[in-house]
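Worksheet: one structure, shown below.
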Amino acid sequence: MTRVLRFIAVAMLFVSLRALAVDITVLPNEQLQQRYEALTHGLRCMQCMNNSIADSPVGLASDLRRDVKEQLLAGKTDDEIRASMVKRYGNVILFTPAFNSASAWLWLMPVIGLLAGIFIAVRIVRQRRYLVEQDDSVVDGEEGSR
Amino acid sequence: MNRFVLPVVVFVALAGVLYIGVRHSPDKSTMVSALLGKPAPDFELPVLGDATRKFSSRQLAGKPWVLNVWGTWCGECRVEHEALLAIAAQKQVPLIGLSWRDDDDAAQQWLTELGNPYSIVAVDREGRTAIDFGVYGAPETFFIDATGRVLYRHVGAMTMDVWQREFASRLPKGGLQ
């Protein structure tokens, strides 16, 4: 029994994790492969909304992956490839939308939220400190009168 | 009293933002095509049922036409088929089918069984033309005007209601001729 288990454990070492991935595309060199993976992970599978095309098994995602691969092999830059996707599917296909006048509020919202939080926190701390000081003076006064 | 004003204002503002966000979330019916107002992509594809012929979108230059993306694997396509047949019977505008990622025999059989509303069906077996049109789920129907621009895209099953409101209304008055 332990022998069988040991055999399975050792056998599992030889299972490539890549074989379990949805996408098994291999590009001719490591550099292209890395760009391919970064690009496909950053593009939304439009059919399944919250998956990237790298993670989705649907036909449309594999068509889009093929498109990315072909553009890479044709020597296109990452920006050109993303732009070609936006041209056809709109900004929604990018998981990280570009900063422009339409998306500015989206990017600035967290900063505004943080500043508002700091502002409110500072006000509360100041108010408390003021109340505590007042409280102390009253206590002092009471003691003084004794 | 005063110290409740700010939290209430913040709450209402946040609720408003979330309400708008939920209302306009990019679901299938609200997503606007990125191609609206832009030239429709050109394509040249084999014609369903006649391997020797090619269909080029340029053949339709100068007049409005409608592109319907469908597949026999698509349930909603069966739902809209009745409406497509009724629309085709009106002979208002060429209705071009795009057989998307489908088996030709299955597509032919579908048209034989259910009737053929299309002037011509172009075969997009690899889905390249569909990608160029920004298609993300069948059925999708595009209205292309006489200057070759995409004026409207409907996602989901076509109905006579949608046809009248969004397609027929965009046709030139007094017919095509």
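Within region B:157-177, being outside any helix (DSSP H, G or I), free of Cβ contacts under 8 Å to residues at least 60 places away in the same chain and among the small types (Gly, Ala, Ser) holds for one residue alone: B:GLY174. When B:ILE131 is tested against the conditions (1) within 14 Å of another protein chain (Cβ to nearest Cβ); (2) in contact (Cβ under 8 Å) with a residue 12 or more places away in the chain, the lone failure is (2). Restricting B:SER99, B:SER56, B:SER119 to residues that are more than 30 Å from A:GLY113 (Cβ to Cβ), within 14 Å of chain A (Cβ to nearest Cβ) and polar (S, T, N, Q) narrows the list to B:SER99. The conditions of being within 14 Å of chain A (Cβ to nearest Cβ), among the basic types (Lys, Arg) and surrounded by fewer than 20 Cβ atoms within 10 Å (Cβ to Cβ) are met by B:LYS38. Among the residues of region A:58-77, none qualifies, meaning not one is touching a helix residue (DSSP H, G or I) at 6+ places or on another chain (Cβ under 8 Å) and over 20 Å from B:GLU126 (Cβ atoms).
Those strands (runs of 3 or more DSSP E) of region B:67-156 in which at least 2 residues are of a type in the set (Val, Ile, Thr), considering only elements entirely within it, cover B:120-124, B:140-144, B:150-155. From the set of residues in region A:50-109 that are in contact (Cβ under 8 Å) with a residue 40 or more places away in the chain and among the hydrophobic types (A, V, I, L, M, F, W, C), which is nearest to the other protein chains (Cβ to nearest Cβ)? Only one residue tops the list, namely A:VAL92. For region B:61-77, the criterion of being modelled with pLDDT of 95 or more, within 19 Å of the chain's Cα centre (by Cα) and farther than 18 Å from B:ARG153 by Cα is met by at least one residue.
The values are calculated or read from the model by the stated rules, or taken from the named source; none is laboratory data. Just so you know, these numbers come straight off a predicted model, no measurement behind them. Using ideal geometry, Cβ is built from the backbone for each residue, glycine included, and neighbour counts are taken over all protein chains shown.
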